[in-house]
Amino acid sequence: QRRWRRAVAVLEEFEEACSTSVLRLRQVVDAMAVEMHAGLASEGGSKLKMLLTYVDKLPNGSEKGTYYALDLGGTNFRVLRLQLVGDRSAIPDPDVERKPIPQNLKTSTGEELFDLIASSLKEFIEKNEGVHELSAVKRRELGFTFSFPVKQMSVSSGILIKWTKGFAIEDMVGRDVSECLQQTMSKKGVNMGVAALVNDTVGTLALGHYDDEDTVAAVIIGTGTNACYLERADAIIKCQGLLTTSGGMVVNMEWGNFWSSHLPRTSYDTDLDADSLNPNDQGFEKMISAMYLGDIVRRVLLRMSQESDIFGPVASKLSVPSILSTEHMAAMHEDDSPDLKEVVRILNDVLEIPGVPLKVRKLVVKVCDVVTRRAARLAASGIVGILKKIGRDGSGGITSGRIKSGSHSKIRRTVVAIEGGLYTGYLMFREYLNEAMTEILGEDVSAHVILRITKDGPGIGSALLAALYSSSN
Ligand code: ADP
């Protein structure tokens, strides 16, 4: 009994440390907006890199032709082909192929990684167009979705700043990733040019905007997390005299690296960070995204098992890093069977903890709930931070998007494109995020803010940007 109480105390202490009152979330919102300003003011001015993308126009539906995209940045990579007829009403389903990235390639050499993706691209083209066409005169154009921090020199080229999300290929850092892909494609006889080098958030914004012109920002919550948004060129102070055709530019925030003392950090987060491939980096990402949530749960359960005997006397797999994936965690969290069958199954099959009583299963579910709720609510604060920066959070002040009419003020409809397995696949996460948006913004304002799932945004949007920026347009 005393031991059970200790396990409960671990949970209570954890829950307390993860607390995300609206007050605290608003502090995170403000901190995000402040850091955005700082990152735009000077190079290195903030942990938010606020990277220029050189995307100064977004697709509008008149794009025509066949374009490819290659999406590299997380658990899988995807190759796709998009045929555009110049009619926005009909975004045809693209041909897509998705392959897992072998774990060993994430920490090998650039050559091995690019060889694999260029070979897959070649196979994909042969399958879709027939071998005879591979060497045809017409050069194909490709959008390369590369979802790591890149310092872009132009819309189609950029240097890798650092790896995230479990990738660590040292010989690639500081190199132009488009050029690397271009060279490997040439070596393999693939006649294709990189027309756009695109962050996955930027691809998602492009598709979001193609579908709905009120789309001003895009957020990804999958293996990692990041966001981008449309900024006024004159607000990008660190790049004086930036000339763009539209007066705006998409800024890739790299918000995974956001940090603020207002974030509710626990000792489990500190330990996870210390054990990661990139300590002291990507602090926000490590509290929010799918690469880490399952492991936070594992760490709390491990602590419970050390403090008590609730998981029995046998040595379990609880001390194996990353053994509990975020998908396992979601499955336990969303187990709606009365006796929590799925929790039993995962504890037994994955963690080798058999025969756990119902009250302990409930404790496990509660740990999952605390971790997911905190993650989703912090992600919501980040989104509101962006809205605040661009004057779409309804807070008044100098808000370009707000038109006063009498005592009432009209708030412009604002759409945020959102994609990533955690948001699209994990219902509880999505519900917590949406709920927090309303709590932070209030009912009136949040009624004008739409989070819109933009399926396959990273890939399709990248092909759209290739069309928009291709040399033939
Ligand atoms: P990417 O790897 O490019 O970010 P996704 O956006 O599809 O690709 O995200 C994949 C990640 O999302 C995986 O790490 C996976 O664990 C997580 N994920 C996918 N579906 C779910 C789900 N239903 N519940 C929890 N996590 C999920």
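The calculated FRET efficiency for LYS106 paired with VAL320, based on their beta-carbon distance and R0 = 25 Å, is about 0.85.
Over 24 Å between C-alpha atoms is what I'm after, so list which of LYS64/LYS165; LYS47/LYS99; LYS286/LYS317; LYS165/LYS366; LYS99/LYS165 land there. Beyond 24 Å between Cα atoms: LYS64/LYS165; LYS47/LYS99; LYS165/LYS366. D by Stokes-Einstein for region 173-323, Kirkwood Rh over Cα pairs, 37 °C, 0.692 mPa s: 171 µm²/s.
Kirkwood analysis of region 27-66, using all unique Cα-Cα pairs, places the hydrodynamic radius at 12.5 Å. If the chain linking GLU43 and VAL173 were pulled fully straight, counting 0.36 nm for each residue of separation and taking away their Cα-Cα distance, it would gain 44.9 nm. Here ASP309 and ASP275 are evaluated by their C-beta separation; at R0 = 30 Å the FRET efficiency comes out at 0.75.
Sort out for me the Cα centre separation of region 442-468 from region 318-343, rounded to whole Å. With region 442-468 and region 318-343 each reduced to a Cα centre, they are spaced 30 Å. Bridging of LYS188 to aspartates and glutamates at a Cα separation below 12 Å is possible for ASP115, GLU123, once same-chain residues fewer than 8 apart are set aside.
In the frame of its principal axes, region 1-68 has Cα extents of 69, 36, 22 Å, reported largest first.
By the Cα gyration tensor, region 135-242 has an equivalent ellipsoid whose semi-axes, rounded to whole angstrom, run 25, 19, 16 from largest to smallest.
Panel note: the C-alpha atoms of the chain, placed on their principal axes, show extents of 75, 64, 40 Å (largest first).
Using helices alone, what [θ] at 222 nm do you get for the chain, with -39,500 (n - 2.57) per DSSP H run of 4 or more residues, divided over all residues and rounded to the nearest 500?
On the way: 15 runs with 195 residues, N = 473.
The helix contribution divided over the chain gives -13000 deg cm²/dmol.
Can you give me the span-like helices of the chain, meaning DSSP H runs with 27 Å or more of Cα extent along the axis and Kyte-Doolittle mean at or above -1.0? List each step's numbers first, then the result.
Values: long enough: 22-41 (28 Å, 0.80); 110-129 (28 Å, -0.33); 358-389 (46 Å, 0.62).
Sorted by number, the helices that extend far enough and score high enough are 22-41, 110-129, 358-389.
With θ taken as phi - 60° and the Karplus curve 6.51 cos²θ - 1.76 cosθ + 1.60 applied, the whole-hertz 3J(HN,Hα) list for region 239-247 is 10, 4, x, 4, 9, 10, 5, 9, x Hz, x standing for glycine and proline.
Here, each number is a calculation from the coordinates, and none is a lab measurement. Keep in mind the model is a prediction, meaning the values are calculated, not measured. No Cβ is skipped: glycine too gets one built from the backbone with ideal geometry, and neighbour counts run over all protein chains shown.
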